[in-house]
Amino acid sequence: MRNRLLLIGLALAVLLVVIALVMPWGGTHSAQAPASSAPTLPPSSAPPVMGAEGIGDPYFPLAGNGGYDATAYDVQVRYDPAADRIEGHTTITAQATENLSRFNLDLRLPASVVTVNNQPAQLHQVGGELQITPAAPVLVGSPMTVVVDYAGVPSAIPEGPDDPSPWVRTADGAVAVGEPDIAAWWYPSNDHPSDKATFTITATVPAGLQVISNGALLGGPEPAGPGMEQWRWQESEPMATYLAFVAIGHYDIVRRDTRYGLYLAAYDHGLAPQVAGAARASVEQTPDVIDFLSGIFGPYPFHQLGGVVPDAPNLHFALENQSRPVYGEGFFDVGPDVSVVVHELAHQWFGDSVSVRHWSDIWLNEGFATYAQWLWDERHGGPSAKQSAAMNYADHPADDEFWRVPPGAPGKAAVLDRAVYTRGAMALQAIRMAIGDQNFFASLRAWATDRAGRNGSVQDFLATVKRVSGKNVDEVAQTWLFAPVRPAAPPS
Ligand SMILES: [Zn+2]
């Protein structure tokens, strides 16, 4: 995710120093993949239990659920833009990890009918927790097919007492994009990045509207009853629930084949002409940016690429939706902004392909994506990453609240704090200087390739750095990631 205000500060920093440079990208140590550790499952003779109402995230105790592992979502929604009403029919394929007498899904829209393995189930919905009691217990290791019918008005469901709905209506449609919360406003799920799954997303909308989502376009527009059309999308690589998105509206769709797969970008008809021009000038560089990033981080992890720019003035951020980021139009209101494209595309490796274990690991997403922007600047006539780190260090005196947020453990309220981004990128620069360029870039590549399609924690990453470099980085990690004070000097 990238907040718009952060970008303005970064753009100013880039303007301050323009220095040509030669960038030593480092070599490519091969790295051993860690042995996968299968969870120890209870025996099927154990008495059935109620699955936990949270998956165990320290910051968001109700996020996700216990007792099962989701493997595939088939999300089917019918959307009426005039009423902002969704009617949903979603099938979740999962496997039980306990003997379950009851389990939860996360869903904010009211559910009406639930079946488990084709048998009607009892349901009880409290807040964002949908408790499901199957007709018979589901045994550990058994497949579960859960079908949920639901309907409601997502924009009418606030996120909290002081927070509006994350569902964004537009002049002629809507955009479902958010972090960490958005899934529960349009489909039921095990809503946590540690349980990734494949997705098929089908949306039926009034004829003439376009629907953009993740991955491959399987079909659309296809007739779907009087006055309606259907669009079908598929993401075949494991995806975190918050990265699934849908954008509904009138869009100009640009597509072309690239070496990375089908490039498909969509620009809302409602964008002002100069904004639309700047958006295209930025997002259309996506294949070039992926050339740049894959040269540093290793192969692009997905089979499609692109971007979406809705006409949604209230969308004040960009999000790294898997294979196809969504950009708030504000990034382009004073001209092109390739840096935000670099940020969201870097997340395809760091955040999307390798996802956080818990939300407390958010530095692995935002520090890395911000550092990728610094690398882009360095390669394109801007300050070096070392200079960006030094400038940001100088910009924040010791009494600045900025230093109170340790990016390696920011706390729930500061998960998306600017320090996670900027100090987080400084931390990477500090690690780079501690272990050398070759070890540093080899560590990033090892992280991206060894854990592709999976998850990792901050400690896992530090272990990768130690393994690849053979160097102890405990002190630099403590200084830059975990101490809530300004380090004595910029990375050196
Ligand atoms: Zn980000």
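Of the residues Pro325, Pro301, Pro313, Pro383, which single one is modelled with pLDDT of 95 or more and more than 23 Å from Gly456 (Cα to Cα)? One residue alone meets the criteria, Pro383.
In the stretch 271-279 there is no residue matching the filter, namely being under 17 Å from Leu319 (Cβ atoms), assigned to a strand (DSSP E or B) and not basic (Lys, Arg). Applying the criterion of being of a type in the set (Gly, Ala, Ser) and under 18 Å from Met144 (Cα atoms) to the residues of the stretch 47-57, the residue that is surrounded by the most Cβ atoms within 10 Å (Cβ to Cβ) is Gly51. Only a single item in (1) surrounded by fewer than 24 Cβ atoms within 10 Å (Cβ to Cβ); (2) among the β-branched types (Val, Ile, Thr); (3) within 28 Å of Ser355 (Cα to Cα) is not met by Val211, and it is number (1). Just one of the numbered conditions (1) surrounded by fewer than 24 Cβ atoms within 10 Å (Cβ to Cβ); (2) under 30 Å from Ala197 (Cβ atoms) is not true of Arg280: (2). The residue that is surrounded by the most Cβ atoms within 10 Å (Cβ to Cβ), among those in the stretch 128-153 that are among the aliphatic types (A, V, I, L, M) and without any contact (Cβ under 8 Å) to a residue 40 or more places away in the chain, is Ile132. Considering the stretch 385-492, the qualifying helices (runs of 4 or more DSSP H), each wholly inside and each with 2 or more residues that are over 27 Å from Pro193 (Cα atoms), run over 385-395, 418-435, 437-450, 474-477.
Taking (1) within 22 Å of Pro164 (Cβ to Cβ); (2) in contact (Cβ under 8 Å) with a residue 60 or more places away in the chain; (3) not aromatic (Phe, Trp, Tyr) in turn, Leu293 satisfies each apart from (1).
Looking only at the stretch 325-336, count how many residues are more than 19 Å from Gly261 (Cβ to Cβ) and within 11 Å of the ligand (Cβ to nearest atom). Count: 0.
Does Gly178 count as buried (at least 20 other Cβ atoms within 10 Å of the Cβ) and either hydroxyl-bearing (Ser, Thr, Tyr) or touching a strand residue (DSSP E or B) at 6+ places or on another chain (Cβ under 8 Å) (or both)? Here the answer is yes, as Gly178 does meet what is asked.
Residues are listed down the side, and each one gets a yes or a no for (1) away from the ligand (no atom under 16 Å from the Cβ); (2) buried (at least 24 other Cβ atoms within 10 Å of the Cβ); (3) assigned by TED's automatic domain parsing to the domain that holds Arg379; (4) small (Gly, Ala, Ser):
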position	(1), (2), (3), (4)
His303	yes, no, no, no
His316	no, no, no, no
Ser323	no, yes, no, yes
Val338	no, no, no, no
Ala346	no, yes, no, yes
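The values are calculated or read from the model by the stated rules, or taken from the named source; none is laboratory data. As the structure is a prediction and not an experimental result, all values here were calculated from the model. Don't worry about glycine lacking a Cβ; one is built from the backbone with ideal geometry, like all the others, and counts go over all protein chains shown.
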